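I have placed the structure first, in the form of structure tokens, so that the comments after it can refer back to it.
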Amino acid sequence: MPASYVIVGFLVVQRLAELGFARRNRRALLARGAVEAGQAHYPAMVALHAGWLLALAATIDPRTPVSLPLLAVFVLLQCGRAWVIATLGSRWTTRIVVLPGAAPVRSGPYRYLRHPNYVIVCGEMAVVPLMFGAWTLAATASVLNLLVLRARVQVENRALEKLGGVQDRTRRQGTMPLRPARALEKLGGVQDRTSERRDASSD
């Protein structure tokens, strides 16, 4: 069987399985009081991914050999994708669903990137067509994907800012809790100034 058919078949099965998992998670989150945002752009994202898969199947010549270095990159991207889903667990969905007040995830790939899943999707959109020399499809899909993600990330950040946990709002506002030493230093300064004012008043 041609390598392109294997790759596209794998992606179709993967996406369908992920949609089922995401649908269950979404229902459970909404039942717990979660709020969904970004419904307006979701159909565009689904259409983009479906169109990308169809374009892969329709435009790539089955006789085209696969690039082994890019295939290795693709495998790494799939490992990253699995890492993201495993880290988020029951909070992973294909939609923007925020559980009000829930602590933000800071483990796994989220220790290093704010939106690791979107980075992986961007890589997939480009790498899969390039594995078979489809430069035009890679460029077109990447540009369209960036446009959709730009709108999605803005909506997601606003939803997290409004509904996310206190730690997440603090991080996004650029104000992190004081470290103990720094807090003591500030407290000491306040105490010193208070003592000076008491001494001055007693004189």
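Readers should treat all values here as calculations from the given coordinates under stated rules, not as data from a laboratory. Note that the structure is a prediction, hence the values are computed from the model and not measured. Because the Cβ atoms are built from the backbone with ideal geometry, glycine has one as well, and the counts that use them run over all protein chains shown.
Quick notes
- Fewest-first sequence of Glu36, Glu156 by Cβ atoms within 10 Å of each Cβ: Glu36, Glu156
- Cα shape, the stretch 45-127, gyration tensor, a/c 1.5 rule: oblate
- Fully extending the segment from Leu144 to Val75, taken as 0.36 nm per residue of separation minus the present Cα-Cα distance, adds 22.5 nm.
- When each of Thr93, Thr87 is scored by the number of other beta-carbon atoms lying within 10 Å, the sequence from fewest to most is Thr87, Thr93.
- Separation in nanometres of the label points that stand 7 Å from Cα toward Cβ, at Ala40 and Ala3: 4.3 nm
- Fewest-first sequence of Val46, Val13, Val119 by Cβ atoms within 10 Å of each Cβ: Val13, Val46, Val119
- For the pair Leu68 and Arg111, label points projected 7 Å from Cα toward Cβ lie 3.3 nm apart.
- Net charge contributed by nearby residues that have their C-beta within less than 15 Å of Gly133 (K/R +1, D/E -1): 0
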